[in-house]
1. If we restrict to alpha carbons, what Rg and Dmax does segment 2-74 come to, in Å?
2. Provide, for segment 2-74, the number of lysine pairs with alpha carbons under 17 Å apart, each pair being eight or more places apart or on different chains.
Amino acid sequence: MVNGSMVVEQHLVYEGTKRVKADDKNRYDCMVISVRDRKYGRERETLKAYVTQDMTHKPIQLDIIIGIASIRALLAE
């Protein structure tokens, strides 16, 4: 991925499964997928997605890490 004038190497990492409770009060069996990049010689996680294991692959939770802050988005129906 190109970030400004720098090319940043990114990797998708499958981290297994986890049961996640969403804001709709249901629990979902999810696959945990992490997006990591290597910048300045260090690897860091930039996104973690919790996606259902059924045929819909619905995103239940997203954790986004930007700089010194983070954002969490949860499924609400």
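Taken together, the values in this text are just the output of simple stated rules run on the coordinates, not laboratory data. Every value quoted in this text rests on a predicted model; they were computed, and no experiment measured them.
1. Spelled out, the Cα radius of gyration and Dmax of segment 2-74 are 14.0, 44 Å.
2. Lysine pairs, 8 or more places apart or on different chains, close enough: 6.
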